[in-house]
Amino acid sequence: MSTRTSSGTTRTTLAFALITTAALALTACAGGEPATKPAGAAAPGASGASGGAKGTLPTEDVVTQVRKNEAAAKLLPAEVRQRGSFTIASAVGAPPSSAYLPDGTTLAGVDIDFADAVAKALGLRAKREVAGFEAILPALGSGKYEVGTGNFGVTEERRKTIDFVTYVNDGQGFATRADSPLKAVTELTQLCGLKVATGAGTTFERTLEQHRGRCAEAGKQPYEVNVFSETGAVWMSLQQGRSDVVMSTINGVRYAVTQQKNVRFLNEYRRLDVGFAFRKGTPLAPAFQAAVNGLKADGTYDRILRKWGVTASGIERSRISPPEIPAPTK
């Protein structure tokens, strides 16, 4: 579901900053291993991260206080317990999911806090590497990484080759320019004849491509899908009039519209569970699931959601590879 990261450590953040009213002065603190450079929902009306001022992210440390969950740690494979760490690939898109701090290396966001909190609960070090969104899932299958984060939505297609441990619920949402006549997009035929900007390799791109034929069936001109590899480029295309609508994560869109002039949130289109991604059949899933549920029990889970202003994205309990939430029937 998430947008893709760029191949450089600062390109995504800088690109996003170009289309905000002020550069992203990211001041949050992330726990766990420092990220290495790659080798190659909020309630209606919410403004995204709870930092308050434009261009800032919250600074509350919600990871250090996490204590080891002995019951969850016992579910880990012996080899992982002995090693004391796991490898994790993180895609970097935009707040509140994940973003770089001004040092161009440290990451902050919902995905980062949950991964670091789970690592601490399991008594492990998260050995993180930044990777492109579209590269992470295949790399899990090859064994290059053990875990992946990138606001990955749980879909039936992905469940065929990937296991998930859910930790939040996000989904697909729309935004447009302030002068657009568009209201809520409840049916994709409302996009017919328009240009829709989205991220490559995402559930948004898949949804748009799968239903492109609806316009012809309705006797209308098809919509055009403009695909970009960087979050900043998606929003730049909207601001410059090269696209009419943006389709991206609900939480990401809600945050982005608070940082830019002349854009507005349209609506949520559909919800999807979001989870840590693993290769199919991973022995790590039960331990991660128990750790997430332990974070819910001790209050850390809710503190993370409040920190990032996404309390509407909370789930009742973590599940392993649940069925995809059905798409709207309209």
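The values are calculated or read from the model by the stated rules, or taken from the named source; none is laboratory data. It should be emphasised that the depicted structure is a prediction, and the values quoted were computed from it without experimental measurement. Positions of Cβ are backbone-derived with ideal geometry, glycine not excepted, and every protein chain shown enters the neighbour counts.
Of the residues V246, V227, which single one is surrounded by 19 or more Cβ atoms within 10 Å (Cβ to Cβ) and assigned by TED's automatic domain parsing to the domain that holds F204?
Within the list V246, V227, the selection yields V246.
Can you tell me which residue is modelled with the lowest pLDDT among those in the range 53-81 that are more than 26 Å from D298 (Cα to Cα) and not basic (K, R)?
A53
Can you tell me which of (1) touching a Pro at 6+ places or on another chain (Cβ under 7 Å); (2) farther than 24 Å from V257 by Cα is the one S85 doesn't meet?
So the condition that S85 fails would be (1).
Taking the range 292-330, which residues are small (G, A, S) and touching a helix residue (DSSP H, G or I) at 6+ places or on another chain (Cβ under 9 Å)?
Scanning the range 292-330 gives G294, G309, A312, S313, G314, S318, S321, A327.
Could you grab me the full set of residues in the range 165-192 that are among the polar types (S, T, N, Q) and in a helix (DSSP H, G or I)?
T189, Q190
Restricting attention to the range 187-223, report how many residues are over 22 Å from the mean Cα position of the chain (by Cα) and among the aliphatic types (A, V, I, L, M).
5
Within the range 114-131, track down each residue that is in contact with a strand residue (DSSP E or B) (Cβ under 9 Å, 6 or more places away or on another chain) and more than 12 Å from V62 (Cβ to Cβ).
A115, V118, A119, L122, L124, R125, A126, K127, R128, E129, V130, A131
Checking the condition more than 21 Å from N169 (Cβ to Cβ) and among the small types (G, A, S), which residue from A99, A131, A91, A121 passes?
Testing whether each residue is more than 21 Å from N169 (Cβ to Cβ) and among the small types (G, A, S) leaves just A131.
State whether one or more residues within the range 280-287 are under 24 Å from A72 (Cα atoms) and surrounded by 24 or more Cβ atoms within 10 Å (Cβ to Cβ).
Scanning the range 280-287, I find at least one residue that is under 24 Å from A72 (Cα atoms) and surrounded by 24 or more Cβ atoms within 10 Å (Cβ to Cβ), so the answer is yes.
For the condition over 21 Å from R270 (Cβ atoms) and touching a Ser or Thr at 6+ places or on another chain (Cβ under 6 Å), what is the one hit in L182, L124?
Answer to the check: L124.
Applying the selection to the range 127-164, what residues are surrounded by fewer than 23 Cβ atoms within 10 Å (Cβ to Cβ) and assigned to a strand (DSSP E or B)?
Of everything in the range 127-164, those that are surrounded by fewer than 23 Cβ atoms within 10 Å (Cβ to Cβ) and assigned to a strand (DSSP E or B) turn out to be K127, E129, D163.
Listed residues I136, I88; which is touching a strand residue (DSSP E or B) at 6+ places or on another chain (Cβ under 6 Å), under 19 Å from E205 (Cα atoms) and aliphatic (A, V, I, L, M)?
Just one listed residue meets the conditions, I136.
Do the conditions hold for V292, that is, is it assigned by TED's automatic domain parsing to the domain that holds K144 and either crowded, with 21+ Cβ neighbours inside 10 Å or farther than 24 Å from H211 by Cβ (or both)?
Taking the combined requirement at face value, the residue satisfies it.
Of the residues that make up the range 29-41, is at least one part of a loop (DSSP other than H, G, I, E, B) and modelled with pLDDT of 90 or more?
Within the range 29-41, none of the residues are part of a loop (DSSP other than H, G, I, E, B) and modelled with pLDDT of 90 or more.
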